[in-house]
Amino acid sequence: MAERKIAKSQRSNVRKQVEQLAFSLNQAREYFRSAESSGPATRALMAYYGLIALANAEVLWSGDGRCSFDARHRRFNSHGFSLVHSESLVDFGARPTTDETGITGLFGLWRKLALHLPHYAKQTSRYPEGGLRITFGPTSSVTALKDLEYPQTPLSLLDCLQHIPAMRGALDAYDERTKLCRGVIEQHSNLHPDGSTQSLTRTFMLHHLTDEAFHDVGSKFRIASRAVPEFRVETIGTGLAIVWNADLETPGYYAQFSMPETFAESKEEILFVGSGEHLNEFGYYYVALYIAGMITRYYPHLWIKETRSNSKGSTLIDELVDNALSRVPILTASALEQRIYLYE
């Protein structure tokens, strides 16, 4: 309450909202436990229900009293999607439901409050007397999803899987390409004796850059004309390096440029996002699990056929659920604690 400057008179309402948040976390845990122990008939649906419980937790933490269960507007009391049928499991899609004010349902409310993770980099600082310090930390502000236009065309299950980092191996097995571009951000700085920065260089490296990724991800690198002399582009094998040598000599000046959004992967690698930036990683799990859960719930005849034949679609959905059970809670922890959790 002190951090958010909430009046003491609202103490009972704040306690109520935190109790609702705790309920959501416990509900998610029970749904995920059910998904872990259940068979293919229900596990995707249980994982989806677990995820939306965590989406509620994020909303209750990030929003104000109007986001509590008993106070939120009725336009948010639905899933926020309509399912789009297809003959192929991976081509089933989800279209957001909208009204005159935007996307409705819990998905619409969650997206109003959700954020991308900031860029993070390996930062090497060199001291004038010798020696250096290596840390990992953010190098950008955060982008709110509500500031990015959401497409009105349906988002297919395959689209979602191609934007989930943990699905890259499974997609490779079926000759399906990810839409994420592997890379890394490194920052090197030299310090003055007083600790201020004497020089700063930041390098954005994109690995194994395909033509598709070059046009999709590369289009998100935008540099103001005045800042162009501070940048250079280098080809490294099948990859690309964009090097920024910051102008620290001009008082009050700071280069204006924007970069693609990123998904966290590990301390040594990030994943750049192109035109799919309208969702963060949690959001892609959100839509993918909705589609998978609704297929098992409302198209059992199709699901039975696909699981018996161990089809591409059923195998990818099974892998999706496995990854979601371990990854989605970590993404929720990142949102609640405003930290970037990385795998070593």
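Show the residue pairs that are 6+ apart or on different chains and have beta-carbon atoms under 6 Å apart, the first residue being within region 93-116 and assigned to a strand (DSSP E or B), the second being among the polar types (S, T, N, Q). What qualifies is GLY93/SER156; ARG95/SER82. For region 62-84, the condition holds for no residue, the condition being that it is assigned to a helix (DSSP H, G or I), farther than 24 Å from LYS146 by Cβ and of a type outside the set (Lys, Arg). Of all residues in region 46-69, those being touching a residue at least 40 places away in the same chain (Cβ under 8 Å) and among the acidic types (Asp, Glu) number 1. Residues of region 242-274 that are among the polar types (S, T, N, Q), touching a residue at least 60 places away in the same chain (Cβ under 8 Å) and surrounded by 14 or more Cβ atoms within 10 Å (Cβ to Cβ): THR262 alone.
crowded, with 18+ Cβ neighbours inside 10 Å, modelled with pLDDT of 95 or more and in contact with a helix residue (DSSP H, G or I) (Cβ under 9 Å, 6 or more places away or on another chain): which single residue out of ALA144, ALA57 fits that description? I'd like the intermediate steps shown before the answer.
Values: ALA144 fails: crowded, with 18+ Cβ neighbours inside 10 Å.
That would be ALA57, the only listed residue that is crowded, with 18+ Cβ neighbours inside 10 Å, modelled with pLDDT of 95 or more and in contact with a helix residue (DSSP H, G or I) (Cβ under 9 Å, 6 or more places away or on another chain).
If we scan region 214-224, do we find a residue that is farther than 27 Å from VAL142 by Cβ, surrounded by 15 or more Cβ atoms within 10 Å (Cβ to Cβ) and of a type in the set (Lys, Arg)? There is no residue in region 214-224 that is farther than 27 Å from VAL142 by Cβ, surrounded by 15 or more Cβ atoms within 10 Å (Cβ to Cβ) and of a type in the set (Lys, Arg).
Of all residues assigned to region 241-256, none qualifies as being over 13 Å from THR201 (Cα atoms), within 28 Å of the chain's Cα centre (by Cα), of a type outside the set (Phe, Trp, Tyr) and not in a loop (DSSP other than H, G, I, E, B). Applying a threshold of 7 Å to beta carbon distances and a minimum spacing of six or more residues, or different chains, the list of pairs starting in region 154-166 at a residue that is farther than 23 Å from GLU269 by Cβ and ending at one that is aromatic (Phe, Trp, Tyr) and outside any helix (DSSP H, G or I) reads SER156/PHE92; LEU157/PHE92.
Can you pull out every residue in region 64-97 that is farther than 30 Å from ILE304 by Cβ and under 22 Å from the mean Cα position of the chain (by Cα)? Once the filter is applied, which keeps residues that are farther than 30 Å from ILE304 by Cβ and under 22 Å from the mean Cα position of the chain (by Cα), region 64-97 yields CYS67, PHE76.
The values are calculated or read from the model by the stated rules, or taken from the named source; none is laboratory data. Everything numeric here is computed off the predicted structure, so don't read it as measured data. For neighbour counting, all protein chains shown are included, and Cβ atoms are generated from backbone atoms with ideal geometry for every residue, glycine included.
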